[in-house]
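The values are calculated or read from the model by the stated rules, or taken from the named source; none is laboratory data. Here the structure is a predicted model, which means the values were calculated and not measured. Reconstructed Cβ throughout: ideal geometry from the backbone, glycine too, with neighbour counts over all protein chains shown.
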């Protein structure tokens with residue numbers, strides 16, 4: 001089954017019960033989509049296929065920044081109240097630009113303020129907390145999570161699609177959604193091409209403890225190799241997203257604790273006292289990946305399967321939640337109108353809704369990374385002048401805060417505005 005457009009015998013499909021929505025990928029995008037559809041349309045059959053090793057999500061030491069719009073969606077889905085006790089609000093964002101060895105890091109731009117409803121513009125949440133709450137909610141709604149890897153292909157018929165699992169079994173559905181990551185096998189099987197650019201950078205992710213409290217302040221230092229971000233977690237802890245050239249990142253990951261912590265302290269500084277690495281350190285290659293199409297007959301992409309962007313803006317997870325809100329609303333409204341939820345005419349509404357915004361964010365992060373991962377003196381002078389200019393313009397700063405909170409889009413799906421579908 002190498003061709004995603006094969007037309008299987010109708011009797012082959014008819015012999016099996018058919019799900020309405022089958023989601024490949026048990027991360028936060030796949031789970032939140034399943035919950036969003038099932039909560040709004042309980043009569044629809046929704047299942048999730050999770051190919052990750054059993055319990056792998058419990059070992060994920062990463063944390064993510066949730067924009068205010070995303071937290072409103074999670075509240076409507078009935079999971080935010082479970083997450084909130086472990087979430088840390090970001091009250092302030094400080095941006096500096098310097099070389100690694102500079103004794104002083106001048107502050108060029110500071111963001112502070114709340115979202116439109118008075119809540120923080122973002123929260124930091126451990127991935128294990130987020131995924132755990134979504135899994136519990138999915139199970140409470142009766143959504144089955146199938147622990148099986150997905151094969152490399154699927155078959156599409158006139159009325160349904162059939163997904164092959166690694167164990168040889170076949171699952172038919174009216175709509176298949178791929179949430180299987182930036183290297184999506186199902187996207188390749190569907191014949192959807194991508195625009196790909198490798199930055200030659202990797203993001204080092206870990207968690208540190210520090211002596212003094214962070215007071216809800218996030219810092220982003222623009223260093224020659226790329227941004228170094230420290231993001232507040234519960235207690236005297238911070239999550240790091242540390243960009244380096246890939247060969248340097250690999251050396252740091254493989255180095256002993258003394259060397260790693262010495263290089264970390266040179267970038268983190270001593271503003272919060274002594275540091276101690278308390279989480280696993282991992283490096284992830286950074287690049288830009290944009291799918292040329294988000295849909296095909298009875299097939300849709302969401303999350304990293306549709307787009308992978310640089311973490312410089314902290315919007316990767318929030319782009320995925322925008323996909324979820326738009327696709328869930330598309331599916332549920334089509335079902336209420338008696339339309340075929342897997343038809344291309346229905347799915348194209350989702351594609352129109354999301355593709356331009358995704359392309360715009362991809363281009364923005366690409367430009368920002370090229371601008372700030374650069375040590376040329378004229379470029380540094382220009383960007384520092386620009387940061388200082390923004391810092392002196394309250395209306396422009398408020399606009400950027402609303403963008404970070406996910407509140408600037410008047411066409412946003414209902415869930416992102418805190419309204420049920």
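Taken together, the residues in the stretch 247-265 that are surrounded by 17 or more Cβ atoms within 10 Å (Cβ to Cβ) and closer than 16 Å to residue 224 by Cβ amount to 3. What are the residues in the stretch 161-203 that are farther than 30 Å from residue 17 by Cβ and touching a residue at least 60 places away in the same chain (Cβ under 8 Å), if any? The answer is 182, 193, 194, 195, 196, 197, 198, 199, 201, 202, 203. Of all the criteria given as (1) surrounded by 19 or more Cβ atoms within 10 Å (Cβ to Cβ); (2) over 18 Å from residue 111 (Cα atoms); (3) at pLDDT 95 or above; (4) under 22 Å from the mean Cα position of the chain (by Cα), the one not satisfied by residue 226 is (3). For the stretch 192-205, does any single residue satisfy the condition of being under 25 Å from residue 36 (Cβ atoms) and at pLDDT 95 or above? Yes: the stretch 192-205 contains one or more residues that are under 25 Å from residue 36 (Cβ atoms) and at pLDDT 95 or above. Just to be sure before I move on: is residue 149 within 27 Å of residue 61 (Cβ to Cβ), buried (at least 22 other Cβ atoms within 10 Å of the Cβ) and within 24 Å of the chain's Cα centre (by Cα) in the structure I sent? So residue 149 fails the test.
Residue 297 passes every criterion in (1) under 23 Å from residue 199 (Cβ atoms); (2) in contact with a strand residue (DSSP E or B) (Cβ under 8 Å, 6 or more places away or on another chain) apart from (1). Screening residue 286 on (1) part of a strand (DSSP E or B); (2) surrounded by fewer than 21 Cβ atoms within 10 Å (Cβ to Cβ) shows it passes everything except condition (2).
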